[in-house]
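Let me begin by presenting the structure, written as structure tokens, before commenting on it.
Read-outs: derived from the displayed coordinates by stated rules, not from any lab. Predicted model, so just to flag it, every value in this text is computed and none were measured. All Cβ positions, glycine included, derive from the backbone under ideal geometry; neighbour counts span all protein chains shown.
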């Protein structure tokens, strides 16, 4: 379906520079723009692309003044990036939604399924489970006994939700997500480890998105809690009895160990590890691969991991172990030298 | 189903302090205790919770003497935590077990299925596979050709077991586990990498538990072996031809590279990486994110992103922050010393 | 099926030393060789095993001269390891291939399925999807709307391929792989994060192999691209708009953040993290757990890892590389100062 520059400008309250009849039917990055696509320019670093792009329409910020002629039609708006995101959201919403319950889906007799729900081929909704209105469940997903999913949630294919877990409204779970697997709790005995039963559950509040193959374990007792608005990337580990505060964002392959409590609005980079039983405050930022082994107050920024080139690393590593001795020796040298200088001037 | 303090005390050989008629029907953490729940106090650090808890019954150690009045009924036992774990295990076992083979399960004609087995909706058991008595296989799990699963094992939904792999008795595999995917073996040629076929298998011995989305690759030749009593957390990578010794415990997101051999009773923290073709002894402890690039003898403890033995790491870490100051000071010392020597020779 | 030393030697153009009638029907590592198995000796470090092995046939390099009597029949070839790999490939190819579309597979009416395709039980091929000739799709795999898979590809059980993704010829995807989940893109607002729709796709070129539970996210716009011949191990994260150059190999649990571009023929070890929006050249090697936060030119080798607090990190990092020099300088200073003091007291 095609839209003209005129239609788009009217919709986003933009100002057209160029051909108002230019039409588009898809989106593109500015450096990959093709005829019929709309793109945007926001970061001045990419400005040079606008003079060559084949895109038909480019959204730009109101203050943008081209230095050279531009072939594309420009639409000037308050915030080019946000406006594009809005158009993309509209485009996504315009797609025909999946509807209906596949004949091959297995829904237990005593499960409750709301209105306008989609349940895909071979999905299984077990006894006592509840699925809210407008929720979509893709093929091969398993919803365990007495699990609850709210309204307008989107559960992709191959998700596994264990018994008694609760998932809110407008939640997105990507393929391979596991919600409510047993927490990792074992008590040592001389013969081996005895399992500590994990009889709690997982609570996921509204507007959470969880990336592919991420795992959120059920609590030993009580609940592992993912607060509203949290965004988790792929392949993340959230252990039992963890709580992630509202609107915290965690990048791929990070892990949070058992009973750790994380505040609101944190930004956690990829491959970070957070040890168990500690508290991370609100608005904390952690750089990639950082390892956290003690609690962190509100507002802190921490980062870690060192890449040193080539074989130099082994030399550095060899000396690193001597750092405490070096520090002591350095202080001794300072003292002796000062005494020597003092003696000399006397 | 409700139990009275009197019934519980009789069962766990405990001594009641308070109302013997108090009844409970669930478990709770002491800080989240609600009427009708039983909890425990073991760590003196949490003692303050016992004076406010709403739980109806609290298990305590025999030597516990409250400093203030306690509303809950106490049951004194030899080990409050272990006793609670026992009661939780009982509670889990009392749940009605899944039974029977779902009409939608696909079981190959020449597969062998034992007595009292549960095979859930849409599970697939391929040709020549063997499933032992009392084993439970949840929906969407795939058991490959000639794979064998022992007795009383619990395979959750969405597990993938490749052909010819062998799984013991009393083994638990959580959702998304992949057993027997090809080891990562390729031979470089000028045109690209040639695959080395991975014709071995995986052997998992008795009483092993493996967490969600963990992968254990099949051996190139021979077997990748997980010995009895091993506990693996979520999202772990076990590469081809690895052997993990009995009763070793590995936390989430750790990885063990090809042909590494790990001893018994090791405790490996989260996000640890162990390089290939090396040997880790028995009773080795590795701290979070440690990277191991050479073999480790029995009984060692190592930690750090930088692998430094034992507590030495904390000293190194403490000094590391002063490195820029040390560097400045070292240069100052050099300059002053040179001036002093110059002065002396004049 | 048994093969004699004579048959094998003829096939691999090898020279027999010993009993030409020795027969084998399986493969083994030299230290685990049993009667009826063929093995190889390539690395002189393992030579001692050849004098004890129970294997019936051992492939050795042409220049191998035993120091003691060997019980097994030897076959001398140009490259013992490569020859064994060839025999193993032949053995794998000789297995009867899966064929046909299971009655329980759901294939959309308007999906296109090529010749000699295998689609296993409960696999789902959604609307508009295309499956090329000779491709095998195992049980429980989901191929989303308008996704395309080329010829002779091998998609194991429980793989999830999102809509519009494109997969080439001779591609192998292991169980639990997720192709085309949404990239991790959100725009902050005072109330929470707004999702940036991810309307691009994933393109996987020919001869790629991807390990169990690895995730490749779809692009925001355009494509996330895995070039021909790339090999990805298990549990890897490839974020949106990443491009991995031809014949690059990445080991387990590594992660590549959004819009990073990686060159050809790189070798990336396990648990490596590569930050977003940077460029890694061709023929780059990265050691285990290395964290990369800036672009890397062609041919570099880097390794390392370390965590430190706050912004001091960058200063520490700058000095860290000078540690070996500092250590040397410190020792020189000590010596000179001692000599100076000695001179002074004389």
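Numbers for the structure displayed
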item: Alpha-carbon centroid distance for the pair the range C:216-243 / the range A:184-220, whole angstrom; result: 30 Å
item: Fraction of antiparallel bridges per DSSP, chain C only, in percent to nearest 5; result: 10 percent
item: Inter-copy spacing of residue B:186 label points, which lie 7 Å from Cα along Cα→Cβ, given in nm from shortest upward; result: 3.4, 3.4
item: Per-copy distances of the residue A:1 label point, shortest first, in nm (7 angstrom along Cα→Cβ); result: 5.8, 5.8
item: Kirkwood hydrodynamic radius of the range C:1-114, from inverse mean 1/r over distinct Cα pairs, in Å; result: 15.6 Å
item: Part-to-part distance (alpha-carbon centres) for the range A:141-183 and the range B:136-169, which is given in Å; result: 22 Å
item: Convex hull volume of the range A:100-302 per residue (C-alpha atoms, cubic angstrom); result: 102 Å³
item: Stokes-Einstein D (µm²/s) once Rh is taken as the Kirkwood radius of the range C:102-195 over alpha-carbon pairs, at 20 °C in 1.002 mPa s; result: 157 µm²/s
item: Alpha-carbon radius of gyration plus Dmax, which is the widest Cα pair, for chain C in Å; result: 27.5, 101
item: Computed over chain A: relative contact order in percent, which uses C-alpha pairs under 8 Å that are six or more apart; result: 6 percent
item: Shielding score for B:178-189, defined as the mean number of other chain Cβ atoms within 10 Å; result: 6
item: Antiparallel %, DSSP beta bridges [both residues in the protein assembly as shown], to 5; result: 15 percent
item: Per residue Cα convex hull volume in Å³ - calculated over the range A:170-273; result: 86 Å³
item: Least to most buried among A:148, C:45 (fewest other Cβ within 10 Å first); result: C:45, A:148
item: Relative contact order, percent, the range A:227-281 [alpha-carbon distance under 8 Å, six or more residues apart]; result: 32 percent
item: Rh (Kirkwood; distinct C-alpha pairs) - the protein assembly as shown, Å; result: 31.1 Å
item: Shielding score for B:325-335, defined as the mean number of other chain Cβ atoms within 10 Å; result: 6
item: Other-copy label distances relative to residue B:25, 7 angstrom Cα-Cβ extension, nm; result: 6.1, 6.2
item: The range C:22-142 - percent relative contact order, Cα under 8 Å, separation 6 or more; result: 16 percent
item: Packing-based exposure ordering (other Cβ within 10 Å, fewest first) of B:195, B:300; result: B:300, B:195
item: Ascending count of other beta-carbon atoms within 10 Å, so fewest first, for A:154, A:286; result: A:154, A:286
